[in-house]
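The values are calculated or read from the model by the stated rules, or taken from the named source; none is laboratory data. Treat the numbers as computed from the prediction; the structure is a model and nothing was measured. Don't worry about glycine lacking a Cβ; one is built from the backbone with ideal geometry, like all the others, and counts go over all protein chains shown. For accessibility, only protein heavy atoms count, side chains too; no ligands or nucleic acids. Shrake-Rupley method; radii C 1.70, N 1.55, O 1.52, S 1.80 Å.
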Amino acid sequence: MTAGSPRVRLAVVGVGDVAQRDYLPEAHRIADVAEIVMVCGRREDRAREVAGRFGVARWAAGYHRAVETDDVDAVVNLTPPGAHVEVTMTALRAGKHVYTEKPLAPSVAEAITLRDEAARRGLTLVCAPSVMIFPQLVAAREVVASGRLGPIYAARAVAFGGVPPWAGYISDPSPYFRPSTGPLVDVGVYPVHALAGLLGPVRRVTAMSSRTRHSFAVTGGPARGTVVPVEVDDNWQLILECETRTGSGRGTDRRTRVLASIQANFCAVAAAGPECELFGEHGTLAFDLLDVAAPLKLSAEDEWTEQAVVHERAGGPDHILGVRHLAECVLSGRQPLLGPDRAIHVLEVLEAARVSAREGRAIEVRAAGGPVMRRNDPVKETSQ
């Protein structure tokens, strides 16, 4: 930050599809708390073109200038998944705050190392996905907290990443089909984050998976003509056991097991129904995980009603809210809601799901990363 200018200076590292589709077009909305002073990409020509199109003064090839320059306060890490740890760790060691796209790291162990590095240096580390501060999730949490649904005993969620080749995708899709990624990591994290945030931490996982294709040919974008091997299962079904605790926390807590199903894949056309539903004794709540413009739907006494959600982005996921959250936490000094502990818990769930699918049994989720927020811990919507 500069004197007299209470804004966080950002360097965006990675100028591919998600940067150009979701982040940079919405960056003007966070101008009150942050400004993008640099964009960095693997190719200088692409970084220059993106900088010019979105009105960013500087650009660079690679990410080292972003972490070495003194007039960058924070790095927005939008690189492919395989580069997340390297870029985030280098930025933290250079004294930069970080917002990173998901996953925080390929493994729980690496994620814990990043969390501890940020804590040791007194830096803010914010981890995507920002789904828990999307307006429809904030509204859903308010409904759950109100008790209108009664005790919640079951839930379901779906995450469809699309059948490859992805029409209109402007980057190389191959990183999303490597062994450490796939739909479980790329899109499955949305329902896991949402269900753990709304219902409570995941205690046990049962999973099955399959692979529907061995490869596909890219038909557009810079990787056109490339044959991408599918090195990971692209069809996942998970059953989660979440633990909901209610009460004052003074010996009066009531613990309830909630069974939730998740479908995540890169092999099928998306469902017509809502992406997430919570089934309570007195009502059912349905909502989209990604589309901030979609209303909540609430069933009570056999009657469905809709609740509109106030939103800024016209539609789709509002990822820029996560970057705003980073800037607000840096400026205020408060701890982030979207911190690494929540991301580490989700990685613990994903690792348990892989073991379950491989061994054909239910797996206990080990909390190696430390404490996870309870369902009734306070959640505040980021200011807009």
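Quick one: of the DSSP bridges fully inside segment 8-123, what percent are antiparallel, nearest 5?
Counting DSSP beta bridges with both partners in segment 8-123, the antiparallel share is about 0 percent.
For segment 78-147, give the magnitude of the charge dipole about the Cα centre (Cβ charges: +1 Lys/Arg, -1 Asp/Glu; no others), in debye to the nearest 20. Before the final figure, lay out each step's value.
Working: 7 positive and 6 negative charges, 35 e Å.
That gives segment 78-147 a dipole magnitude of about 160 debye.
Counting Lys +1, Arg +1, Asp -1, Glu -1, what net charge surrounds Ala47 among other residues with beta carbon under 15 Å of its beta carbon? Mind dumping the intermediate values first?
Values: positive: Arg42, Arg43, Arg46, Arg48, Arg53, Arg58, Arg65; negative: Asp17, Glu44, Asp45, Glu49.
That works out to +3.
Where does helix 320-332 land angle-wise versus the long Cα axis of the chain, in degrees 0 to 90, nearest 10? Helix 320-332 and the main axis of the chain meet at about 80 degrees. Along the axis of the charge dipole computed for the chain (Cβ charges of +1 for Lys and Arg, -1 for Asp and Glu, origin at the Cα centre), the listed residues Cys40, Ala314, Ala362 are led at the positive end by Ala362.
When the charge dipole of the chain is built from unit charges on Cβ atoms (+1 for Lys and Arg, -1 for Asp and Glu) and taken about the Cα centre, the candidate among Thr212, Tyr190, Thr69 whose Cα reaches farthest toward its positive end is Thr69.
The Cβ shell under 10 Å around Tyr153 holds other residues with a net charge of 0, Lys and Arg each +1, Asp and Glu each -1. Backbone phi angles across segment 70-76, fed through the Karplus curve with coefficients 6.51, -1.76 and 1.60 (θ = phi - 60°), yield HN-Hα couplings of 6, 9, 10, 8, 8, 10, 9 Hz in residue order; Gly and Pro are listed as x.
Between helix 44-54 and the chain there is an angle of about 70 degrees, using the helix long axis and the longest principal axis of the Cα atoms. Sorted from longest to shortest, the spans of the Cα atoms of segment 1-135 along the three principal axes equal 39, 35, 34 Å.
Entry comment: accessible area of segment 8-123 is 39 Å² per residue, from protein heavy atoms only and a probe of 1.4 Å. Taken about its Cα centre, the chain carries a charge dipole of roughly 700 debye when the Cβ of each Lys and Arg holds +1 and the Cβ of each Asp and Glu holds -1. DSSP finds beta bridges in the chain, and of those with both partners inside it, around 60 percent are antiparallel. All alpha carbon pair distances within segment 172-229 were sorted into 5 Å bins beginning at 0; the resulting P(r) in whole percents reads 4, 14, 19, 20, 15, 10, 9, 6, 3.
Tell me, what is the Rg over Rh of the chain, with Rh the Kirkwood radius over Cα pairs? Numbers along the way, then the final one.
Values: Rg = 20.4 Å, Rh = 21.4 Å.
Rounded to two decimals, Rg/Rh equals 0.95.
Between Gln237 and Ser332, what is the FRET efficiency for a Förster distance of 30 Å, r being their Cβ-Cβ separation, to the nearest 0.05? Don't skip to the end; give the middle numbers.
On the way: r = 41 Å, r/R0 = 1.37.
Calculated value: 0.15.
Against the chain, whose longest principal axis is taken from its Cα atoms, helix 340-359 shows a tilt of about 70°. Accessible surface of segment 8-123, 1.4 Å probe: 50 percent of it comes from carbon and sulfur atoms.
Write down the Kirkwood hydrodynamic radius of segment 177-306, to one decimal in angstroms, obtained as one divided by the mean of 1/r over all alpha carbon pairs.
Details: mean 1/r = 0.0580 Å⁻¹.
Averaging 1/r across every pair of different Cα atoms and inverting gives 17.2 Å.
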